[in-house]
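Notes follow once the structure below has been shown.
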Amino acid sequence: MSVFRNKIHGKHYWVVQIYRNGKPHHFYKDPKTGAPLKSYAEAKAAEADALIEKDTLLSGKVKTRVSDLSAAFLAEYQKTHKPSSVYSRWNQMKNHILPAMGNYTVEKLTNDDLDSINERLNKGPKTSLGSVISATRGFIRFLRRYNATLLPERIYAFLDPYPHTHQYNVWTLEQERKFLSVITDPRDKLLFTLFCEYGFRMTECIALKYSDIDVQNMTISINRIVLTKSMFKKQIFTTPKTKRSIRTLRLLPDIIPLLNPEARQSDFLFPGEYGAYVINEGHVRRLVVKYANMASLKPIRVHEFRHSCASNLLRGMVPLRIVAHWLGDTEATVLAYYSHMFPDESGDVAKFFAANPLRPG
């Protein structure tokens with residue numbers, strides 16, 4: 001599936017290209033109105049309508065392959081989901097779903113075929129496939145419009161989708177102080193101080209503007225994230241990951257001296273170069289390695305600053321509810337990742353019932 005601009009007889013036209021039975025079909029006009037496509041937005045809307053319309057895809061006796069419907073699935077999915085989710089689905093479709101079932105004819109696809117596909121997938125590498133399972137079953141539910149006999153539950157029916165070991169590398173407060181002590185660049189100092197003290201996700205942190213910081217009221221707010229992994233192949237700004245991710249926190253005093261006093265409210269804290277709105281994620285990762293080596297520390301991933309922050313707060317006996325709000329997560333998520341940091345207090349239960357027996361003794 002694609003939308004592009006084409007020049008014909010000296011004039012530019014927007015063109016929609018979809019595939020049916022492995023062959024490309026071009027639309028130069030809106031299938032519903034017959035009007036020329038004058039903009040990218042009109043072309044994308046026409047593409048979605050053309051793909052989702054069953055009669056357009058499955059006309060007459062033409063047999064449609066499963067791969068031909070992948071574009072229709074993504075077109076519908078992007079109407080209700082964030083660009084990052086659409087990009088994730090596209091990757092799952094390209095790397096897992098279509099290699100397994102793309103060449104099947106959708107009308108002839110059976111549940112026995114799904115069992116066969118499932119058996120092959122079970123023999124693949126044992127990795128975290130939770131999101132792939134969701135994407136595959138969602139795609140099969142989409143295929144049920146054209147073949148109602150298919151059962152999504154037949155896919156990944158036996159595979160354990162979760163890794164048995166999930167280990168994060170975290171830094172102590174002492175290691176974080178050592179890391180920050182070697183940074184002299186004001187921008188980088190601010191960036192990594194925010195990572196260490198707030199545990200921001202990278203997409204949250206590098207999207208910050210000076211308007212998000214209220215020095216008078218001593219607050220800092222997360223209202224947006226920046227995405228580079230999208231079908232648009234450029235930086236785009238959207239709402240944070242979850243509703244809990246939208247939060248206003250207390251501005252810690254040591255952040256204030258690191259701010260640029262000459263910056264405007266509309267400026268980003270971490271502006272980018274070469275046409276990018278903000279600093280590139282890959283550059284941030286390279287900075288971690290650079291400063292960790294300077295501090296004689298083993299580099300960690302950027303997201304592990306978040307885990308380090310949570311671990312240090314819990315180790316400092318900060319209440320779970322406060323840690324969850326600080327990170328923009330639920331208490332259940334924090335418990336799931338950091339349960340090993342809580343003391344085993346099961347003995348207190350035994351002591352309680354010993355002191356308060358339910359049966360008179």
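The values are calculated or read from the model by the stated rules, or taken from the named source; none is laboratory data. All values reported here derive from a predicted model rather than from experimental measurement. Ideal geometry is used to build each Cβ from the backbone, glycine not excepted, and the neighbour counts take in all protein chains shown. For accessibility, only protein heavy atoms count, side chains too; no ligands or nucleic acids. Shrake-Rupley method; radii C 1.70, N 1.55, O 1.52, S 1.80 Å.
What is the packing order of peptides 326-334, 204-212, taking the mean over residues of other C-beta atoms within 10 Å and listing the highest first? The partial results should precede the final answer.
On the way: 326-334: 17.9, 204-212: 21.0.
Highest to lowest by the protection proxy: 204-212, 326-334.
Counting only protein heavy atoms and using a 1.4 Å probe, what share of the accessible area of the stretch 248-353 belongs to carbon plus sulfur, as a whole percent?
58 percent
Within the stretch 188-260, how many Lys pairs sit with Cα atoms under 19 Å apart, leaving out pairs fewer than 8 places apart on the same chain?
Numbers: LYS189/LYS209; LYS209/LYS234; LYS209/LYS241; LYS229/LYS241.
Value for the stretch 188-260: 4.
Taking square-rooted eigenvalues a ≥ b ≥ c of the alpha carbon gyration tensor, is the stretch 176-318 rounded, prolate or oblate, where a/c under 1.5 means rounded and, failing that, a/b exceeding b/c means prolate? Walk me through the intermediate numbers first.
Details: a/c = 1.30, a/b = 1.13, b/c = 1.15.
Since a/c stays below 1.5, the shape of the stretch 176-318 is classed as rounded.
By how many nm would the segment from SER296 to THR248 lengthen if fully extended, with 0.36 nm per residue of separation less the alpha-carbon distance?
Full-extension gain reported as 13.8 nm.
I'd like the distance between the alpha-carbon centres of the stretch 165-220 and the stretch 271-297, rounded to an integer number of Å.
13 Å
Note down the magnitude of the dipole of the stretch 239-361 about its Cα centre, charges +1 on Lys and Arg C-beta and -1 on Asp and Glu C-beta and zero elsewhere, to the nearest 20 debye.
On the way: 16 positive and 11 negative charges, 39 e Å.
Result for the stretch 239-361 is approximately 180 debye, rounded to the nearest 20.
Need one number: nm distance between label points at ASN356 and LYS29, each 7 Å from Cα along Cα→Cβ, rounded to one decimal.
Those two pseudo-labels are separated by 7.8 nm.
Starting from the Cα of LYS82, step 7 Å toward the Cβ, then list every residue of the stretch 246-264 with an amide N under 11 Å from that point.
Under cut-off, by backbone N: 246.
Sorting check: for 217-227, 241-251, which peptide has the highest mean count of neighbouring beta carbons within 10 Å, and how do the rest follow?
Ranked by mean Cβ neighbours within 10 Å, highest first: 217-227, 241-251.
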